[in-house]
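Have a look at the structure below, then the notes.
Every number here is computed from the coordinates shown, using simple stated rules; none is lab data. Because the structure is a prediction, the values reported are computed rather than measured. Methodologically, a virtual Cβ is constructed for each residue, glycine included, from the backbone with ideal geometry; neighbour enumeration extends over all protein chains shown.
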Amino acid sequence: MSKVRFGVIGAGHIGKRHAEMVIRHDEAELIAICEPRSREECGVTWDVPFYASTEELLANHPELDVVSICTPNGLHAQLALLALNAKKHVIIEKPMALSKADCERIIYASLNVSRQVFAVMQNRYSPPSEWIKEVVDSGILGSIYMVQINCFWNRDDNYYGKIPWKGDLALDGGTLFTQFSHFVDIMYWLFGDIDNIQARFRDFRHQHNTEFEDSGFISFDFVNGGMGSISFSTAVDRKNYESSMTIVAEKGTVKIGGQYMNEVEYVDIRDYEMPVLKESNPANDYGHYKGSAANHGYVIENVIDTLAGRNQITTNALEGLKVVDIIERIYSCSDRALKQRNKTAVQ
């Protein structure tokens, strides 16, 4: 197979990570990058064409096979649609979009042009995630009773000052979209959809630099049985504390924890011997803050393998849509939604 030709839209931390992973892969080629800032401003040193607009990139490179969308969240849908209408496969960083309706538009466009949509949820590649997926799917836990997810991170003024679109409701979408959609995805991947949602949000540290909450409590039922909760915050002082998931089930109890849900902390399953897992990759380190696991190399490899017919998509467009749908429903039933409705009514 000839090399898969990639274009990257967005040259922030994640866009540069996509470009780097493409360059490292023997079966991939980085063709061009698009970013409204200059090369110098965003620190792009690769000797490839550099464009200020997506339209310009697409017009100048009809040979592209795949376009990575690595822009502010609120731009994902419109840029994905531009790439799909140019008949390119697309990789969309999390979240796939900021509304279920926009996700549906992306899927409809992809079907019309027979192109693939890859939703980036790289935490699925972490060894504890792969292990617990096998455990849950095997049925050895029996009925799932309770699932508790805790995500407690730090995002300070330095973070929001350096990345100004983060904190803007229309471009960011909120803490569940930007910081914690990975863990909503893991929950959905393991246990399916939720209903009977109740949610409370509060903004403790970020009233001066965000338009949304930094902390929340969410409770719900799983459609497939059992109940769950998510507690989250980016108001933790100084550094990230944990991302964890505790499962209480008929035949056992499991906790996966660590700062990025990257460590198996407790296992008690009837008649089960815990295997030795391979070591997790470290977190993405962006200097003044850290994010989820550095697994983007697996994402690019999955794209290439899928297009070559050697594998299937790790996170398909329908799964990307469901994560957005769950987060949208959480927000819609919360006090945040009430405040937004009241604000709109006053205007």
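Computed values, structure above
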| item | result |
| --- | --- |
| Amide proton proximity set for Phe118, modelled H, under 5 Å, gap of 5+ | Val90, Ile91, Ile92 |
| Out-of-range pairs (alpha-carbon distance over 30 Å; input Lys100/Lys278; Lys3/Lys133; Lys100/Lys239; Lys3/Lys100; Lys16/Lys255; Lys16/Lys100) | Lys100/Lys278; Lys3/Lys133; Lys100/Lys239; Lys3/Lys100; Lys16/Lys255 |
| Anisotropy class of the range 109-172 from Cα gyration tensor, a/c 1.5 cut | oblate |
| Surrounding net charge for Pro49, when Lys and Arg each add one and Asp and Glu each subtract one, Cβ distance under 15 Å | -4 |
| P(r) histogram, all alpha-carbon pairs of the range 89-209 included - 5 Å bins from 0, percent | 2, 8, 14, 19, 17, 17, 13, 7, 3, 0 |
| From phi via Karplus (6.51, -1.76, 1.60), per-residue ³J(HN,Hα) for the range 102-109 in Hz, x at Gly/Pro | 5, 4, 5, 5, 5, 5, 4, 5 |
| Long-range HN-HN contacts of Tyr145 with modeled amide H, under 5 Å | Val248, Ala249, Glu250 |
| Cα convex hull volume per residue for the range 1-41 (Å³) | 59 Å³ |
| Alpha-carbon Debye profile of the range 165-308, log10 I(q)/I(0) at 0.19 Å⁻¹ | -1.38 |
| Packing-based ranking, highest mean first, of 86-96, 139-149, 320-330 given that Cβ atoms within 10 Å are counted | 86-96, 320-330, 139-149 |
| 5 angstrom amide H check on Met261, placed H, neighbours 5+ away | Ser243 |
| Rounded tilt (10° steps) of 296-307 against the dominant C-alpha axis of the chain | 70 degrees |
| Spatial separation of Cα centroids for the range 131-204 and the range 214-240, in angstrom | 7 Å |
| ³J(HN,Hα) computed for each position of the range 202-218 - Karplus, 6.51 cos²θ - 1.76 cosθ + 1.60, integer Hz, glycine/proline x | 8, 10, 8, 10, 10, 4, 8, 9, 9, 9, 8, 5, 10, 8, x, 10, 9 |
